[in-house]
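For reference, the structure is listed below as structure tokens.
The values are calculated or read from the model by the stated rules, or taken from the named source; none is laboratory data. Predicted model, so just to flag it, every value in this text is computed and none were measured. When we count neighbours, we look across all protein chains shown, and the Cβ atoms used for this are built from the backbone with ideal geometry, even at glycine. In case anyone asks, the SASA skips ligands and DNA or RNA and just uses the protein heavy atoms, side chains included. Shrake-Rupley method; radii C 1.70, N 1.55, O 1.52, S 1.80 Å.
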Amino acid sequence: MTTQTWTGPVRTLTALTVTAVFILPVYLVLANTFKPGTEIFAHPGTLPLHPTLDNIRNVTGRTDHLFWAGLLNSVQVTALSVVFSTMLSAMLAHYLVRTKTRGARFIAVLILAGLMIPSAVTLQPITEVLGQLHLMGTVLGLVLVNVAANLPFGALLFMGFIKNIPLDLEEAAALDGAGPLRTFWSIVFPLLRPAAASVLIFAAVSVWNDFITPLIVLGPANGSTVTVGMYRQISEHVSDFGAVFAFMVLSTIPILILFLFFQRYFVKGLLGGATKG
């Protein structure tokens with residue numbers, strides 16, 4: 001038996017196994033969203049025998065508006081965090097690429113170091129800083145934390161693209177009387193759309209799915225995001241898993257729409273940032 005004869009089926013089997021591992025959680029969530037609670041416990045892995053929308057109605061119709069309040073907070077926090085993360089990381093990357101000084105190289109090293117630090121390690125000092133600034137329990141405080149967390153990755157990705165942009169374009173704009181900011185936003189940033197889409201998607205998914213940071217920064221008395229809302233859906237005396245599955249599905253829809261909208265730039269941005277420069 002030749003190598004090609006047996007490697008084909010092995011590769012196919014491996015691909016199917018990996019695909020099943022990733023699809024199984026999605027299937028379980030979708031299937032159990034449309035099941036009554038008793039059917040979820042009795043047959044969690046089967047298709048819905050008696051499909052129902054009660055779980056979705058229970059989530060969207062809560063008297064405390066847990067889902068809608070969390071959705072509004074998540075949209076607000078994610079939008080602000082993504083916009084400022086993308087803008088600031090692009091400007092920082094441009095400065096680091098175009099400035100040939102030791103200070104710029106030192107900042108670039110700090111950015112790389114920031115990518116290696118787990119976010120959970122920084123939670124305690126972050127809460128102390130926000131407390132000193134009286135920003136604990138505020139949306140502004142949470143947005144600042146998210147922007148700082150996504151800045152290193154965004155700057156690193158933008159740097160790969162900016163290195164491939166000819167400096168002559170910026171020099172020509174300067175000769176025409178354009179200042180540094182106008183040159184950046186009118187000449188440089190439009191050329192960074194693939195990278196901006198990748199940064200936007202990564203930052204949006206990171207902020208939208210984050211659980212620990214909004215739970216600690218916002219606190220129990222100052223609203224919640226959709227991820228924290230799922231946690232609050234289950235209490236000591238209530239365990240409506242049908243509603244939890246429905247909460248998961250509904251909270252995934254906005255970020256899925258965002259990904260589908262920017263997907264054509266996503267891979268292009270990653271590959272371009274990894275190979276250019």
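Per the listing R102, R98, R182, the residue uniquely in contact with an Asp or Glu (Cβ under 9 Å, 6 or more places away or on another chain) and of a type in the set (K, R) is R98. Residue check: is F22 aromatic (F, W, Y), closer than 28 Å to V199 by Cα and open to solvent by 70 Å² or more (accessible area, probe 1.4 Å)? So F22 passes the test. Within region 126-181, the set of residues being open to solvent by 40 Å² or more (accessible area, probe 1.4 Å), touching a residue at least 12 places away in the same chain (Cβ under 8 Å) and more than 30 Å from S224 (Cβ to Cβ) comprises L156, K163, N164, L167, L169.
Tell me, yes or no, whether region 131-148 has at least one residue that is in a helix (DSSP H, G or I) and farther than 23 Å from A79 by Cα.
First pass over region 131-148, keeping only residues in a helix (DSSP H, G or I): 131-132, 139-148.
From what is left, the residues that are farther than 23 Å from A79 by Cα are 131-132.
Yes.
Scanning region 34-67 for residues that are exposed (fewer than 15 other Cβ atoms within 10 Å of the Cβ) and among the aromatic types (F, W, Y) yields one hit, F41.
Annotation for region 88-96: no member residue is out of contact with any Leu (no Cβ under 7 Å at 6 or more places or on another chain), farther than 23 Å from V188 by Cβ and assigned to a helix (DSSP H, G or I).
Among the residues of this structure, D210 does not count as one that is among the charged types (D, E, K, R) and without any contact (Cβ under 8 Å) to a residue 40 or more places away in the chain.
Scanning region 96-118 for residues that are more than 25 Å from the chain's Cα centre (by Cα) and in contact (Cβ under 8 Å) with a residue 40 or more places away in the chain, which turns out surrounded by the fewest Cβ atoms within 10 Å (Cβ to Cβ)? Steps first, please.
From region 96-118, those more than 25 Å from the chain's Cα centre (by Cα) are 97-106; that's our starting set.
Within this subset, residues satisfying the condition of being in contact (Cβ under 8 Å) with a residue 40 or more places away in the chain are 97-98.
Values: V97: 22, R98: 16.
It comes out as R98.
Is it the case that some residue within region 67-79 is within 17 Å of Q233 (Cβ to Cβ), in contact (Cβ under 8 Å) with a residue 12 or more places away in the chain, in contact with a Leu (Cβ under 9 Å, 6 or more places away or on another chain) and among the hydroxyl-bearing types (S, T, Y)? No, region 67-79 has no match at all. Inside region 68-95, residues that are under 18 Å from S251 (Cα atoms), β-branched (V, I, T) and surrounded by 21 or more Cβ atoms within 10 Å (Cβ to Cβ) make up a count of 3.
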